[in-house]
Amino acid sequence: MNLFKISIANLREKKLNSFLSALLLTLGIGMISLLLLLNKQLDEQFKRNLKGIDMVVGAKGSPLQVILSSIYQIDAPTGNIPLAEVNALRKNPFVKTVIPLSMGDNYQGFRILGTTPKYVEHFNAKLAEGHLYNASMEVTIGSKVARDSRLKIGDQFSGSHGLDSEGEKHEDKKYKVVGIFQPSGTVVDQLIITRLSSVWDIHEHSEGAEAPAVAEVEHTDGQVHTDPEPDEEGKDVTSALIQFRNPMGLMTIPRQINDNTSMQAALPSIEINRLFSLLGVGIETLRTLALIIISIAGVSVFISLYNSLKDRKYEMALMLSMGATRTRLFLMLLIEGLSLAVIGFFAGIIASRVGLWVFSKSAEQDFHYSLGKFALLPEEVYLFFGALAIGVVAAALPSLGIYRLNISRTLAEE
Amino acid sequence: MISSNQLRFSYSAQKKFSFPDIHCNDKETLLILGQSGKGKTTLLHLLALLLTPESGDVVIAGKSIKNLTPQEITATRARNIGIIYQRPHFVSSLSVMDNILLSNYLANQKEDRQKARHLAEQLGFADHLSKKTNQLSQGEQQRVSIARSLMNNPNIILADEPTSNLDDDNCQRVIQLLKKQSAQIGASLVVVTHDQRLKDEFSNQVFL
């Protein structure tokens, strides 16, 4: 026999009341925990892929779209830009690296990205097997691509036009897998990377300015390009990732590009902050809702203990007459509130993991991003103490009545 | 052994009680008879140290309770006095067995399951130990509360109208068990009642 056992017995005696209180806590905690998890993982994913990219140039349009399509590969590109203009940026003394990107095809929903070896270097992608693409139509695939599409080294496949898997297939030209990257947690995991020239070879659009996603398919056999950083007259790319040599670049180059070229410059830090502040409104609303639910849970614990205490007044007087101290009974009631808080917390943590898993499944399907990190966050430790505090306060308020209970009168009343 | 000396208690200026002195040695029994409103329960609560008298004294096992701190009073009650109430009340969420063991636990004594089982056999509810108390009949419940009052081997057993809700058969059974059990542990048995059926069962009687 101990206080804990009596408390649990009391909670079980009032199953529905206890269930309601724990359920509300579970909901509130689960929501907050899920928001924390999503926030952290989205933040990490965004930050990790953003690292070292100071500017992106693409066709005129929404700067956010340029960032999303070029860095995160989740939105359609805004259009094409002439490679000559991109390469002209290399001459600028503030520019350190220029990584042109060319996209427009996919295989089973995974984007085929034509780029220079600098791209692979930038994301620090290591090979798990095989070697890096060398010739046109050779590809090296990300770990997630390899896992989901079951492509192996030596396999050949033809890409589909557009950025979703329903596009028309380029049957006559086949890519060949020559290497697979190690998982890196970056966007490389979900990409099929090849030479810029492969993408040109496949398409050879007569008019370069057309957006790849809507361009009509028009195949002509192209030349084979072998130089690592091609500078083709009349060739187009989708966008380019730019690194500056020093912060001075940030002050002058974007304006120059926007004013004097057909391209636009988008700054990832500004656009991502804008995106997060847009998302932030939703997150803030959900967080407020979760806090309201948690408060209701606290009120529910309070009401349920208050009512049960009225019913159990005689029991309390009885236990006092049998030698229990008031503090001991007060503790017993506190344990009831605390147990509900602990149950609600752990159920909420589990619920948030299930929610994250479901969310991750759909995110993976739609964007090929996985958010599968289920470890306990440090913030959740604070959440735990918060839940305990709510349990303690909600239980303590009605339980203080135990110190005013008149034993003799209560026992004599019935 | 329990005795009282010029006990007085008042709930208000109009509602004052002064009680005759009582005395009950170890192994003896005492019946306190009185009609409703004579302060039977008040006297029992004074004897059980649940109320503090306005004046007068109670002596429990040879020790006066005057000048005891509330903590000492609680400890004295838990260790020396077993109380049986008019209507048996229990902690409804606990089993019969746990309700009996509760008196050990709350008096900070070792839990004696064997003793609880033994008492249950003697009092005839050994089959119900794992049930909830509200699944038992009134007579059975009253026997459970007798077992509960005996768990700490008290010096004194106080019973407040233990038989008033029981039929004749159960009344006889409960009072015989009470007398037998208190004699076994050598305790004083004080019964407060208006139940005339008990008149012939006790030689020592006090009228309020």
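Bear in mind that the values in this text are calculations on the coordinates, not laboratory data. Computed from a prediction, not measured in an experiment: that's the story for all the values here. Glycine also receives a Cβ, built like all others from the backbone with ideal geometry; neighbour counts cover every protein chain displayed.
Worth pointing out:
- Pairs where the first residue, in the stretch B:26-49, is away from chain A (no Cβ under 14 Å) and under 21 Å from B:Ala183 (Cα atoms) and the second is of a type in the set (Gly, Ala, Ser) and part of a loop (DSSP other than H, G, I, E, B), C-beta under 6 Å, 6+ apart: B:Asp26/B:Gly186; B:Lys27/B:Gly186
- Filtered residue count, the stretch B:2-21, keeping only those that are among the aliphatic types (A, V, I, L, M) and surrounded by 19 or more Cβ atoms within 10 Å (Cβ to Cβ): 2
- In the set (1) of a type outside the set (Val, Ile, Thr); (2) within 11 Å of chain A (Cβ to nearest Cβ); (3) over 26 Å from A:Asp311 (Cβ atoms), the condition left unmet by B:Ser93 is number (3).
- Criterion (over 20 Å from A:Arg312 (Cβ atoms), in contact with a Lys or Arg (Cβ under 9 Å, 6 or more places away or on another chain) and away from chain A (no Cβ under 14 Å)) met by exactly one of B:Gly124, B:Gly62: B:Gly124
- Meets criteria (away from chain B (no Cβ under 14 Å) and surrounded by fewer than 18 Cβ atoms within 10 Å (Cβ to Cβ)) for A:Gly344: no
- For the stretch B:1-38, a residue qualifies if it is part of a strand (DSSP E or B), closer than 18 Å to B:Ile65 by Cα and out of contact with any Leu (no Cβ under 9 Å at 6 or more places or on another chain), and the qualifying residues are B:Ser3, B:Asn5, B:Gln6, B:Arg8.
- Test: B:Ser95 is under 27 Å from A:Ile6 (Cβ atoms), touching a Pro at 6+ places or on another chain (Cβ under 9 Å) and not charged (D, E, K, R): no
- Members of the stretch B:96-107 found to be under 22 Å from B:Arg79 (Cβ atoms) and more than 7 Å from chain A (Cβ to nearest Cβ), listed by number: B:Met97, B:Asn99, B:Ile100, B:Asn104
- Residue within the stretch B:135-142 that is at the interface with chain A (Cβ under 9 Å from one of its Cβ atoms) and either under 19 Å from A:Phe4 (Cβ atoms) or not hydroxyl-bearing (Ser, Thr, Tyr) (or both) present: no
- Of all residues in the stretch B:66-77, those that are facing chain A (nearest Cβ under 7 Å) have Cβ atoms under 6 Å from Cβ atoms of residues that are crowded, with 16+ Cβ neighbours inside 10 Å and hydrophobic (A, V, I, L, M, F, W, C), 6 or more apart or on another chain, in B:Arg77/B:Leu49.
- Residues considered: A:Ile8, A:Ile67. Of these, the only one that is in contact with a helix residue (DSSP H, G or I) (Cβ under 9 Å, 6 or more places away or on another chain) and away from chain B (no Cβ under 14 Å) is A:Ile67.
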